[in-house]
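Enquirer: Right, I'll just put the structure down here and ask away after.
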Amino acid sequence: MAGPLTGVTVVALEQAVSAPMCTRTLADLGARVIKVENPRGGDFARHYDDVVHGQAAHFVWANRGKESIALDFTAPDGLAVLHRLLATADVFVANLAPGALARRGLAPADLRRRYPELIALEIDGYGAGGPLSHKRAYDLLIQAESGACAVTGFPGAPAKPGPPVADVTAGLYAAITILALLYRRGGAAASVSLFDTMAELMGYPLTHARYSGTEQPPVGMGSPAVAPYGAYPTADGATAVLGTTNDREWQRLATELLARPELAADPRFASNAGRVAHRAELDTALAAWCAGLPLAEILRRADAAGIGNARFNTPAEVNAHPQLAERDRWRPVESPGGTVTALLPPPVIEGWTAPMKAVPALGEHTDSILRTAGFTPHEIAALRAAGIAPEGTP
């Protein structure tokens, strides 16, 4: 079975995480993604670290399955090359610095007028027309500005959520937008901002603050919305994560798991609002129970009682997780530094598996991209000699 997006060509002026995650999602679904990179170093995420066979972990994660062309599109001849690529593309995606696209006539509205059938989408920081629209926007900055850091961590000790949530989610919203426009079968100018994306993810705390007049304090590995719900050390030095989301679960937790019928009967804990108000007392009870049992026994008993539970894992432990191994979720992926191991993308589609193609070297596909765009050997040689489209790196 061909990929759902086989036959779709995407041209990307992208860097870091948000746009690369958008286009990697499209590539995973079968699209051809042409990644246009600055000949002088390429996507700066290539150089964040060198832990993956000499390559950066961010770049390897977000850029498999793409073709890389080294192209100086800031030069007139390079911009002309880019337009020849866009003339036959279905989708354009970019996430450059504020104003960078508009200065070169590459803003989505400009491209929409020039290429009526092109879907042109820009991922920006704050969206157009506001007092912060001019600002650079990185994941941490957006998470702080949107309030996400204020609801993470503990009172007086805010924290950034570990994964780059703003970048990744904006990239996925961008991919959703592109899929919708491909389904509609027509060109369009579109944008997705990191700030709007994080404001959307903050829907619960924003709504709660607006209508309650109060701001819930962060509760670490818990939820301000429900209780009991948190992480508790076990007798064997591990950490169990347990929680309830409704009154029936609470009754089972108190009676079947903790063997504390008096807690189940206590009117203070009859509703979730009451349990949230008395979170500390319930956490103390759960912590004492977990402290007396090994993790495996806690999880076994919680499963038997129908109570949600999990093991607190580190990234290294997730790499060896049996749920991933037994479901065959890992695949080898080629890269310039050697074979790496990567997870299959989340969608499971009957009769089709993501191709998991290689991570490209900078400019690795420059000549082949130019040839398929109709450039002659003489034109390619001239572009190389001028430094507009130099030969790729090994």
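Enquirer: At 27 Å minimum axial length over the Cα atoms and a Kyte-Doolittle cut of -0.5, report the qualifying DSSP H helices in the chain, or say none.
Expert: For the chain, where a helix must reach 27 Å along its axis and average at least -0.5, the hits are 165-184.
Enquirer: Alpha carbon centre of the stretch 239-260 versus the stretch 1-57: separation in Å?
Expert: 45 Å
Enquirer: Under a crude label model (7 Å from the Cα following the beta-carbon direction), how far is His208 from Ala97 in nanometres?
Expert: 3.9 nm
Enquirer: Rounded, prolate or oblate: which fits the stretch 188-335 when a ≥ b ≥ c are the square roots of the eigenvalues of the alpha-carbon gyration tensor, with rounded for a/c under 1.5 and prolate only if a/b beats b/c?
Expert: oblate
Enquirer: Based on the alpha-carbon gyration tensor of the stretch 255-347 and its eigenvalue square roots a ≥ b ≥ c, which shape applies: rounded if a/c is under 1.5, prolate if not and a/b is larger than b/c, or oblate? Before the final figure, lay out the partial values.
Expert: Numbers: a/c = 3.28, a/b = 2.78, b/c = 1.18.
Verdict is prolate for the stretch 255-347.
Enquirer: Quick check: at a probe of 1.4 Å, how many percent of the accessible area of the stretch 28-134 sits on carbon and sulfur atoms?
Expert: In the stretch 28-134, the share of accessible area belonging to carbon and sulfur is 55 percent.
Enquirer: What number, in percent, do you get for the relative contact order of the stretch 319-358 if the mean sequence gap of Cα pairs under 8 Å and at least 6 apart is divided by its residue count?
Expert: 34 percent
Enquirer: Ok, one more. Are there trypsin sites (Lys or Arg not before Pro) in the stretch 126-232 that DSSP puts in a loop and that have at most 12 other Cβ atoms within 10 Å, and which ones?
Expert: Listed in order of number, the matching sites are Arg136, Arg185.
Enquirer: Show me, bin by bin at 5 Å from 0, the whole-percent P(r) of the stretch 229-268 based on Cα pairs.
Expert: 6, 22, 23, 25, 15, 7, 2
Enquirer: Non-local amide H neighbours of His278 (under 5 Å, H modeled in plane, Pro and chain starts lacking H): which ones?
Expert: Result for His278 returns nothing.
Enquirer: For the stretch 200-291, state which GluC sites (Glu not before Pro) are in a DSSP loop and have at most 15 other beta carbons lying within 10 Å of their beta carbon.
Expert: Answer in residue order: Glu215.
Enquirer: Could you work out the percent of alpha carbon pairs in the stretch 1-141 separated by over 22 Å, rounded to a whole number?
Expert: 39 percent
Enquirer: Rounded to the nearest 5, what % of DSSP beta bridges with both residues in the chain are antiparallel?
Expert: In the chain, approximately 45 percent of DSSP beta bridges are antiparallel ones.
Enquirer: Starting from the amide H of Gly147, placed 1.01 Å from N in the peptide plane, find each other amide H under 5 Å away whose residue is 5 or more places distant or on another chain.
Expert: none
Enquirer: In whole Hz, with x marking every Gly and Pro, tabulate ³J(HN,Hα) for the stretch 229-246 from phi via Karplus 6.51 cos²θ - 1.76 cosθ + 1.60, θ = phi - 60°.
Expert: Calculated HN-Hα couplings, in order: 6, x, 10, 9, x, 10, 5, 9, x, 9, 9, 9, 10, 10, x, 10, 10, 7 Hz.
Enquirer: Along the charge dipole of the chain, pointing to its positive end and built from +1/-1 on Cβ of Lys, Arg, Asp and Glu, which listed residue (Tyr173, Ala87, Leu253) has its Cα farthest out?
Expert: Farthest towards the positive pole: Ala87.
Enquirer: Moving on. Under 8 Å for C-alpha pairs, at least 6 residues apart: give me the relative contact order for the stretch 270-394, rounded to a whole percent.
Expert: That works out to 15 percent.
Enquirer: How large is the helix-only mean residue ellipticity at 222 nm for the chain, computed as the sum of -39500 (n - 2.57) over DSSP H runs with n ≥ 4, divided by its residue count, in deg cm²/dmol to the nearest 500? If you can, show how the numbers build up before the last one.
Expert: Values: 18 runs with 151 residues, N = 394.
When only DSSP H runs of four or more count, the value is -10500 deg cm²/dmol.
Enquirer: Once you list every other residue whose beta carbon is under 12 Å from the beta carbon of Ile298, what net charge do they have if Lys and Arg are +1 and Asp and Glu are -1?
Expert: 0
Enquirer: Net charge within 9 Å of Gln55 by Cβ-Cβ distance, Lys/Arg positive one each and Asp/Glu negative one each, not counting Gln55 itself?
Expert: Summing Lys/Arg as +1 and Asp/Glu as -1 gives -1.
Enquirer: A further question follows. How high is the relative contact order of the chain, in percent, with contacts defined as C-alpha pairs under 8 Å that are six or more residues apart?
Expert: Values: 717 pairs, mean separation 75.9, N = 394.
Relative CO of the chain lands at 19 percent.
Enquirer: Give me the distance in nm between label points sitting 7 Å out from Cα along the Cα-to-Cβ direction at Ala285 and Ala386, one decimal.
Expert: Going by the 7 Å Cα→Cβ label model, 7.6 nm.
Enquirer: Where is the GNM fluctuation largest for the chain (alpha-carbon springs, 10 angstrom cutoff): Val165, Val318, Val91?
Expert: With Cα springs under 10 Å in the chain, the top fluctuation among Val165, Val318, Val91 is at Val318.
Enquirer: Take the chain, connect every pair of alpha-carbon atoms lying under 10 Å apart with a spring to form a Gaussian network, then pick out the residue of Leu26, Leu172, Leu132 with the largest mean-square fluctuation.
Expert: Its mean-square fluctuation being the largest, the pick is Leu132.
Enquirer: Describe numerically, in nm with one decimal, the distance between label points set 7 Å from Cα along Cα→Cβ at Thr339 and at Lys357.
Expert: Here the answer is 2.0 nm between the modelled labels.
Enquirer: Show me the trypsin sites (Lys or Arg not before Pro) within the stretch 239-333 that DSSP assigns to loop and that have at most 11 other Cβ atoms within 10 Å of their Cβ.
Expert: In loop regions of the stretch 239-333 (DSSP not H, G, I, E or B), the sparsely surrounded trypsin sites (Lys or Arg not before Pro) are Arg327.
Enquirer: Something else now. Can you tell me how the stretch 189-243 classifies by the Cα gyration tensor, rounded, prolate or oblate, using a/c under 1.5 as the rounded cut?
Expert: oblate
Enquirer: Report in % the part of the accessible area of the stretch 164-214 that belongs to carbon and sulfur, leaving out ligands and nucleic acids; probe 1.4 Å.
Expert: Solvent-exposed carbon and sulfur of the stretch 164-214 make up 61 percent of the total.
Enquirer: Can you list residues from other chains, or at least 5 along the same chain, whose modelled amide H is less than 5 Å from the amide H of Gly308?
Expert: For Gly308, whose amide H was placed from the backbone, the distant partners under 5 Å are Gly243.
Enquirer: Can I ask one more? What is the sum of charges around Ile380, taking Lys and Arg as +1, Asp and Glu as -1, for the other residues whose C-beta is under 13 Å from the C-beta of Ile380?
Expert: Result for the neighbourhood of Ile380: -1.
Enquirer: Please quote Rg/Rh for the chain to two decimal places, taking the Kirkwood radius as Rh and restricting both calculations to Cα atoms.
Expert: My calculation of the ratio gives 1.06.
The values are calculated or read from the model by the stated rules, or taken from the named source; none is laboratory data. Everything numeric in this text was worked out from a predicted model, so none of it was measured. No Cβ is skipped: glycine too gets one built from the backbone with ideal geometry, and neighbour counts run over all protein chains shown. Note: accessible area is taken over every heavy atom of the protein model, side chains too, but ligands, DNA and RNA are not part of it. Shrake-Rupley method; radii C 1.70, N 1.55, O 1.52, S 1.80 Å.
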